[in-house]
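What follows is one structure encoded as structure tokens, with my remarks underneath.
The values are calculated or read from the model by the stated rules, or taken from the named source; none is laboratory data. As the structure is a computational prediction, the values presented were derived from the model and not from experiment. Don't worry about glycine lacking a Cβ; one is built from the backbone with ideal geometry, like all the others, and counts go over all protein chains shown.
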Amino acid sequence: MPSSVLVLGSGGREYAIAWALYRNEHAIYVSPGNGGSKFTQIDLNLDDERDICSWCEANGVIHVIVGPEALLDKDIVNRIHNINPAIRVFGPTKGAAQLEISKIYAKEFMKQNDIATADYYVINKDTEESAIEDIIRKKCNNWENGIVVKMDGLASGKGVTLTNSTEDAIGEVKRMQKAGNGQVLVEERLNGIELSALAFCDGKVAIRMPLVKDHKRLLEGDKGPNTGGMGVVGPIFVSNQIDRQIDEIFEKTLNGMRDRKTPYKGVLYAGLMIVDGTVYVLEFNCRFGDPETQVLMPLLDDDLLRIVNSCWDGNLSHTQVRWFDSVYACAVVVAANNYPYSSDKGTPITISQNNDNAIIFHAGTKKNGDKLETNGGRIFCVTGMAPNIADARKNALRKIESIEFEGKQFRKDIGMADLNEITGAANCASYSSSGVSIEQGNEFVDKIKRHIQSTLIEGTEQIGGFGAQIDLNRLGLGLTGELVVGMDGVGTKIEVASTVGDYSQVGNDLVAMCANDVLCHAARPTAFLDYFVCGKLELKMAEQVVASICEACNAIKCAVVGGETAEMPQVYGEKQWDLAGCMIAVRQLDWPKLPSDTICEGDKVIGLPSSGVHSNGFSLIRQILAANQIDYSIPVPWENDQNDTIGKELLKGTRLYVNQVFPLLMQGLVKGCAHITGGGLKENIIRVLSNDELAVQIELGTWPVPPIFQFLSQVGPVDVDEMLKVFNCGIGFTLVVDQNDYQVVKEYLNKIHEPHHVVLVISNKPNAGGIAKAKQMGIPVKIVENTKVREEGEKTMAEEEVDHGKILAQEAVQIGENDTAETLHATIQAEEYKLFPIATDSYAAKLLKEIQTEK
């Protein structure tokens with residue numbers, strides 16, 4: 001049921017608190033109010049608890065939320081409670097608020113309760129100047145990263161100075177002694193990732209809010225003086241190990257405050273620094289942060305007053321707090337011209353209407369009649385909302401354009417940095433922010449394993465590899481050999497194909513995704529089935545897709561044996577469609593079994609080039625292009641002979657590795673194969689390892705990264721760790737080989753990958769389109785008359801009898817004691833694959849020489 005709430009304070013933080021309460025239909029009173037407040041503003045003397053209590057009693061208000069820290073220092077919570085215990089004041093008592101009121105108290109508390117914090121010394125108000133110099137020069141001299149000087153007591157977020165030298169630190173200590181209460185803290189400067197962690201507390205339990213990142217410095221690039229905060233972004237995601245450390249910090253803090261007989265109720269804010277995986281506490285604040293609240297309240301999918309009451313009643317352990325999924329917020333502070341050195345009052349402000357994807361939180365504003373004017377240092381905080389940080393930032397900056405007053409200043413780089421450096425995920429563009437969670441997908445697989453295992457029968461126990469292996473010998477049907485089955489789809493790459501209107505490679509993608517998977521088990525792709533579903537069947541498009549499937553299957557000598565085409569007009573939109581496929585491969589039991597359990601330390605990993613992005617990561621790609629307003633039709637921004645567009649580059653077909661790799665597998669030269677698909681290089685290469693003691697070392701820079709990946713990384717921006725986790729980055733398939741076989745395999749792969757140029761075109765059709773194009777490009781042409789009998793045509797081509805003539809290339813094949821007809825055939829075939837391009841080159845050279853002689 002909606003209630004009435006009094007919010008004490010008039011800044012942007014209080015406005016955000018009131019906004020969150022108002023959103024849940026509570027009646028909000030603000031004292032004192034600011035110029036933009038749409039809530040009922042009342043005039044109260046906040047230094048007089050009797051005035052506050054009298055007003056609350058007269059208006060039937062029992063909920064009071066304290067915003068500013070100065071009121072906590074005046075013990076407003078106890079003062080109101082002593083007059084009227086029925087009024088629920090949300091905030092800590094002065095005893096509990098000492099965590100913020102005194103930085104020295106907080107340091108000693110952290111030391112006593114085993115909470116990691118930077119090394120420090122206390123400068124008392126009666127410390128002589130010579131002693132100050134002695135402490136800083138001698139005791140702080142071993143602090144490699146510098147010295148931070150903090151004024152004890154409240155300083156509105158501005159009592160901290162990061163010094164660059166010993167002399168600067170000495171001078172700052174002396175200045176703060178005079179400006180504050182005489183107590184000054186000097187501490188070691190930490191370098192790492194700075195985050196803000198806030199939690200609702202009921203004295204015993206803490207429920208954390210999403211992590212956010214504050215930007216204290218005035219100027220872009222984190223330069224200039226410290227301020228009360230120039231912008232915040234969130235949520236920020238960290239590793240489980242760091243998350244657990246943050247939980248422990250709140251647990252130790254609440255336990256320590258109870259031990260001191262000052263239980264903590266209210267919002268506790270911990271300013272954190274993550275250094276090499278360890279979480280340090282820089283400071284505590286004992287209230288909602290400003291401007292952190294302007295990000296957190298829009299992310300809250302719950303009734304704030306319900307949570308506040310749970311804190312008051314001490315039953316947070318039975319309370320769930322809901323936050324919006326897949327929503328990001330970027331808050332940018334709009335400040336006066338001379339902030340943080342002085343405020344601005346009386347300057348006219350105009351606000352025009354534009355988009356609704358951002359919220360203007362008033363902070364330092366006032367009404368003068370019906371006009372709005374400045375009335376402080378930080379005038380507004382504008383929060384943009386979106387499914388990703390990049391769009392949230394754009395929405396905030398677009399909204400700021402609608403605000404005009406003389407001297408307006410703000411940072412344009414809030415939200416541009418790589419915010420998830422702890423886990424290596426760039427918040428501006430990550431797979432999770434595009435709506436795809438690899439971690440959640442892995443968790444789903446774990447959850448369904450027991451259901452799947454309940455269905456397994458003899459011969460089908462192997463699951464979880466690149467393909468599912470079925471041992472026919474163990475089915476009891478009198479069959480031999482193995483079937484390996486792989487199933488996959490093309491993903492949201494089909495959206496790019498639909499936008500560009502090019503479906504010529506989509507079927508190839510589907511076949512390649514499945515064929516490359518089963519190849520990892522040393523199986524030969526044999527039969528393929530596809531599933532094509534749409535809202536409305538477009539014959540021309542569907543034919544293009546199926547033709548592409550057949551072309552890819554022909555390339556690897558695999559039959560398309562069936563499929564399903566389904567129209568679902570009330571499930572899919574008219575232009576919506578999807579594609580999936582199933583590859584059936586065969587494997588003889590005496591063929592090498594992959595991955596081998598002989599993989600060991602010292603083995604080599606060889607990467608085979610990809611043809612481009614292949615068919616993974618397209619949700620992230622589409623997000624990056626949309627966020628940067630990049631159209632598929634624009635030319636690629638790197639040198640390219642083919643005049644490719646972004647769309648054409650992205651639609652390059654997934655490379656098929658069967659013909660290239662299978663001969664190597666049959667020779668037993670490979671211990672394991674990994675198809676680099678979803679999960680990128682990081683998650684796929686390790687799938688061949690047989691135990692947890694083994695790891696794969698990836699040496700970045702040992703292969704050329706195609707321009708498309710460099711482009712995505714820079715434009716996203718997407719950091720290296722996220723790139724390796726999502727994309728193939730130029731390596732589409734990997735082979736694990738024994739170090740003794742490494743050179744042989746490498747030479748074979750290099751030979752078949754040598755770049756070839758067209759030097760001769762042979763055709764039996766003088767008017768073929770390719771002939772004209774060859775002549776246009778200056779490439780020699782040889783026309784051979786068509787014959788009805790194949791042998792005659794071959795004789796004409798070779799000018800020799802079939803199977804006669806000069807030997808162009810040859811290689812001896814050893815026959816092993818245990819060879820069968822099948823294994824010997826496979827060995828011969830492997831040699832043929834190596835010799836064929838050599839023989840072809842030799843014969844082409846002979847023909848070319850003859851043509852040049854004729855000329």
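If the condition is being more than 30 Å from Asn628 (Cα to Cα) and either of a type in the set (Lys, Arg) or part of a helix (DSSP H, G or I) (or both), then the range 705-753 contributes Tyr742, Gln743, Val744, Val745, Lys746, Glu747, Tyr748, Leu749, Asn750, Lys751, Ile752, His753. Set side by side, the residues Ser31, Ser37, Ser3 differ, and just one is closer than 27 Å to Lys345 by Cβ, small (Gly, Ala, Ser), in contact (Cβ under 8 Å) with a residue 60 or more places away in the chain and touching a helix residue (DSSP H, G or I) at 6+ places or on another chain (Cβ under 9 Å), which is Ser37. Listed by position, the strands (runs of 3 or more DSSP E) inside the range 133-210 whose residues that are within 30 Å of Asn315 (Cβ to Cβ) number at least 1 are 193-202, 206-208.
Restricting attention to the range 265-289 and to residues that are of a type in the set (Val, Ile, Thr) and within 17 Å of Leu254 (Cβ to Cβ), the residue that is surrounded by the fewest Cβ atoms within 10 Å (Cβ to Cβ) turns out to be Val281. Per this entry, Lys223 is counted among residues that are in contact with a Lys or Arg (Cβ under 8 Å, 6 or more places away or on another chain), closer than 30 Å to Lys174 by Cβ and not hydrophobic (A, V, I, L, M, F, W, C).
Quick grid of which residues meet (1) among the hydroxyl-bearing types (Ser, Thr, Tyr); (2) more than 20 Å from the chain's Cα centre (by Cα):
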residue: Gln588; (1), (2): no, yes
residue: Lys593; (1), (2): no, yes
residue: Ser596; (1), (2): yes, yes
residue: Gly612; (1), (2): no, yes
residue: Leu620; (1), (2): no, no
residue: Gln629; (1), (2): no, no
residue: Pro637; (1), (2): no, yes
residue: Ile646; (1), (2): no, yes
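Please verify whether Gln245 is modelled with pLDDT of 90 or more, among the polar types (S, T, N, Q) and out of contact with any helix residue (DSSP H, G or I) (no Cβ under 6 Å at 6 or more places or on another chain), treating the condition exactly as stated. Yes, satisfied.
The residues of the range 498-518 that are in contact with a helix residue (DSSP H, G or I) (Cβ under 8 Å, 6 or more places away or on another chain), crowded, with 23+ Cβ neighbours inside 10 Å and not in a loop (DSSP other than H, G, I, E, B), listed by number, are Val506, Gly507, Asn508, Asp509, Leu510, Val511, Ala512, Ala515, Asn516. Looking only at residues of the range 255-290 that are part of a strand (DSSP E or B) and among the charged types (D, E, K, R), we find that the one that is farthest from Val77 (Cα to Cα) is Glu283. Gln320 falls short on exactly one of the conditions (1) in contact with a Ser or Thr (Cβ under 9 Å, 6 or more places away or on another chain); (2) in a loop (DSSP other than H, G, I, E, B), and that condition is (1).
Only one of Val696, Val586, Val661 is in a loop (DSSP other than H, G, I, E, B) and either crowded, with 17+ Cβ neighbours inside 10 Å or on the phi < 0 side of the Ramachandran plot (or both); which?
Only one candidate qualifies: Val696.
Scanning the range 395-408 for residues that are crowded, with 20+ Cβ neighbours inside 10 Å and not hydrophobic (A, V, I, L, M, F, W, C) returns Asn395, Lys399. The condition of being closer than 18 Å to Thr492 by Cα, in a helix (DSSP H, G or I) and assigned by TED's automatic domain parsing to the domain that holds Ser504 does not hold for Val533. Pairs needed: first member in the range 552-581, without any contact (Cβ under 8 Å) to a residue 60 or more places away in the chain; second member anywhere, in a helix (DSSP H, G or I) and not aromatic (Phe, Trp, Tyr); C-beta distance under 6 Å; at least 6 residues apart or different chains. If the second residue must be in a helix (DSSP H, G or I) and not aromatic (Phe, Trp, Tyr), the pairs left are Cys553/Val511; Val560/Cys550; Val560/Cys553. Asn240 satisfies every condition listed in (1) modelled with pLDDT under 85; (2) crowded, with 17+ Cβ neighbours inside 10 Å except (2).
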